[in-house]
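Here's the structure we're looking at; comments come further down.
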Amino acid sequence: MTQAGSNMTNTEKLRQIALDEGMAVFGVAELEPIRQIFHPDIVQAAQGLKYGISAGFRLSDPTIDDIADRPTLLYKHHYKVANYTLDRAGAKLEAYIQSNGCQALPIPASQTIDWEKHLGHLSHKAVAVQAGLGWIGKSALFIHPQHRARLRLVTVLTDMPLEAGSPIERSCGSCQLCIEACPAGAISDQGYDKPKCIAQLREFSRLPGIGQYICGVCVKVCRD
Ligand code: B12
Ligand code: SF4
Ligand code: SF4
């Protein structure tokens, strides 16, 4: 086992691994400000892990632009491949961290662990915001200044000493695009209506060949 290097060297090495694994975006968050929203099931495993590495996979523009008002089979496949690619990147980051004598806990890209409340282990979006990579839009999606909502995310928690970012001051301003486009009327200036969205996604999951709670409309329409 080798010794963990300086915070900067570790961070740059991990960034390179993420980019080599096809990630478009990489950042590091201090976890303390968001630990309160971790699902109880992960609190013990995450004890002593101070940082969250956030990485984003950029979705294919032709696939997303092809979505009109419902998910397509092209999108369903791309969604699955994106999740696999994110989990693989998480595993590569974990392998590097552990081989340098530190702890790493990769969080599944897209696993629901509470089907009543529709929750995962932790919010990848909160980690990305805390890392300073973007903001939460009116759609409740994580929005990156350049890639907009077209990023899927993964997180690796670690105790490796790293250089963390901090949240940026950005917002949607007067944009209304996702409010106008949402087929469920689930987005408004008052916020995101999760039950309305879930009901719509349940319906979409019954479309021939879809079988997943996916949509893609609010991902598609978010632009500068
Ligand atoms: C369960 C789930 C769903 C459920 C419930 C969604 C919901 N908004 O709660 C359903 C099935 C409805 C769903 C729908 C969709 N989902 Co979904 N989903 C998840 C999953 C697996 C868990 C979400 C979770 O646990 N949330 C817990 C709560 C606490 O957090 P949250 O609601 O995600 O985010 C809030 C907090 O982070 C908070 N926040 C941010 N910073 C801070 C800081 C502090 C201190 C606090 C207190 C709060 C806070 O603001 C966020 C928005 O309100 C995540 C993967 C993951 N593990 O993150 C994907 C995920 C959120 N889904 C994603 C996507 C893309 C979708 C869909 C577009 C479907 C699709 N793929 O076509 C829609 C979009 C709906 C929408 N407008 O939000 C992406 C979002 C990517 C992005 N750029 O934002 C994720 C991150 C998957 C991934 N690996 O990329 N999803
Ligand atoms: S995923 Fe679809 S139904 Fe849900 S908020 Fe986005 S556009 Fe609306
Ligand atoms: S479409 Fe507009 S309002 Fe909706 S999240 Fe994107 S920037 Fe914000």
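Assorted remarks:
- Looking across the stretch 128-145 at every residue that is within 11 Å of ligand 3 (Cβ to nearest atom) and among the small types (G, A, S), the one that is nearest to C178 (Cα to Cα) is identified as S139.
- Test for A68: is it modelled with pLDDT of 95 or more, within 20 Å of G90 (Cα to Cα) and either within 16 Å of the chain's Cα centre (by Cα) or of a type in the set (G, A, S) (or both): no
- The residues of the stretch 177-224 that are aromatic (F, W, Y) and either farther than 11 Å from P71 by Cα or touching a Gly at 6+ places or on another chain (Cβ under 6 Å) (or both) amount to a single one, Y192.
- So Q111, is it without any contact (Cβ under 8 Å) to a residue 60 or more places away in the chain and more than 22 Å from S6 (Cα to Cα): yes
- Taken together, the criteria place I187 among residues that are in contact with a Ser or Thr (Cβ under 6 Å, 6 or more places away or on another chain) and near ligand 1 (Cβ under 9 Å from one of its atoms).
- Hits in the stretch 91-131 - residues which are touching a Pro at 6+ places or on another chain (Cβ under 9 Å) and more than 12 Å from ligand 1 (Cβ to nearest atom): A91, L93, E94, C102
- Among (1) more than 9 Å from ligand 1 (Cβ to nearest atom); (2) surrounded by 15 or more Cβ atoms within 10 Å (Cβ to Cβ) - the single one R206 does not satisfy: (2)
- Output for the stretch 142-189, where each listed residue is over 24 Å from L59 (Cα atoms), of a type in the set (D, E) and within 16 Å of ligand 2 (Cβ to nearest atom): D189
- When the residues of the stretch 146-162 are filtered to those that are more than 9 Å from ligand 3 (Cβ to nearest atom) and farther than 22 Å from L31 by Cα, the one that is surrounded by the fewest Cβ atoms within 10 Å (Cβ to Cβ) is Q146.
- Members of the stretch 163-194 that are crowded, with 16+ Cβ neighbours inside 10 Å, touching a Phe, Trp or Tyr at 6+ places or on another chain (Cβ under 8 Å) and either touching a residue at least 40 places away in the same chain (Cβ under 8 Å) or under 30 Å from E94 (Cβ atoms) (or both): A164
The values are calculated or read from the model by the stated rules, or taken from the named source; none is laboratory data. Just so it is clear, the model here is predicted, and its values are computed rather than measured. Cβ atoms come from the backbone with ideal geometry, glycine included; neighbour counts cover every protein chain shown.
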